[in-house]
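*Asks:* Would you mind keeping the following structure in view while I ask a few things?
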Amino acid sequence: MMKKKTIIGLVLLAFCLLCRFSHVMADFYARHMYPGISTVLSWIGARLPFSLEEIVVLAFVVTFVDILVKAIRHKEGFLRWLGRTAVVAMWLYIWFYMGWGNNYYRTGLYQRNGIRKVRFEKEAFTKFLTDFTAELNKAAGMADGFDPDIQEIEIRAFYSDEVSSYGYAALHKWQHVKKPILNPLFSAVTVQGYMGPFFCESQVNRSLLEHEYPYVAAHEMGHLAGVTSEAEASYWGFECCRRSGNAAVRYSGYLAVLSYVLSNARYLLTKEEYNQFTDSICDKAKEDYAASIEHWKGMKVMWIESTQRWLFNLFLRSNGVSGGVKDYFGVVGIIMTMDAHAKAELLEI
């Protein structure tokens, strides 16, 4: 007879699979289940000062190895080993997707909120570049440090007061960014931060430069609110920083998005126009941008980074992110679309 916990597991697995193939179920999860689940999981995780995410992953790895070793030692049949392994894999899948992953399958930001995507027009893009550069240079000239604790309060308030109206979970006072235990490994693959789905913990790399920290923290806490698209998380991280009263935080947001702006400009502008744009960027921003590249390049282990990038690209595509890791580069389009949406709402008022 099937054990009760196995029956429960199969029911939860069925729900996760329904979310994968049904926006209705995924939307129900995101709006009515994830806020409560993330509240409980993050509260448990907050009881400890260190990250629990890597511990959970290592525990599952040890369990898989233990099942294999016991099967060999006791000369168990292949089907028995496969069955036990499948049960553990099922619970790993359930924990990941019930904890956070089902958010991947919900209706997209634009469709969910009736937002019309802005089509590319060179005049609008050129104006965006002019405004972006002006704000970047202004923030660079005023940046003079920040308090991480104060910024974290601002981030939680931003997601609770502003972003939650777009269908995301509000954040709670015990939800803080954490630091990975295996930090050198994340630096080797140039991962500046990640979202931990098992205890809903936002992680930021210990090796972040000062001007990188505010944006990465805001980006990762966006994932904690339920944002799965990397481009959208980049947008909300940027928007959070852009609204800050602290110039150093604003500078972090603009500088973080600069790489995506440069990529879009390189593709959409003529060589002369592109050179004019880059020449308008202040020296401090250029120096800090170059420093970030060299900083992470110095810690990168190429074969590990390449493997991680391939796996992450595969993971994103398998969860409905058609562009894979290229999804990050869509942030500029979201900024322009959301800015146009905000202006349209003001005109209606």
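*Asks:* Just to check your reading of the model, which residue among 250, 266, 317 is in a helix (DSSP H, G or I), at pLDDT 95 or above and of a type outside the set (A, V, I, L, M)?
*Replies:* 250
*Asks:* Further question: Find the residue count for the range 142-171, including only residues that are of a type in the set (Val, Ile, Thr) and surrounded by fewer than 16 Cβ atoms within 10 Å (Cβ to Cβ).
*Replies:* 2
*Asks:* Something else now. Regarding residue 71, is this residue outside the structural domain of residue 233 (by TED's automatic domain parsing) and over 22 Å from residue 41 (Cα atoms)?
*Replies:* yes
*Asks:* Go through the range 233-249 residue by residue and tally those that are farther than 11 Å from residue 151 by Cβ and surrounded by 24 or more Cβ atoms within 10 Å (Cβ to Cβ). Steps first, please.
*Replies:* Initially, the range 233-249 is screened for residues farther than 11 Å from residue 151 by Cβ, giving 233-239, 242-243, 247.
Narrowing the set further to residues that are surrounded by 24 or more Cβ atoms within 10 Å (Cβ to Cβ) leaves 233-238.
Result for the range 233-249: 6.
The values are calculated or read from the model by the stated rules, or taken from the named source; none is laboratory data. Bear in mind that the values here come from a model prediction, so they are computed numbers and not experimental data. No Cβ is skipped: glycine too gets one built from the backbone with ideal geometry, and neighbour counts run over all protein chains shown.
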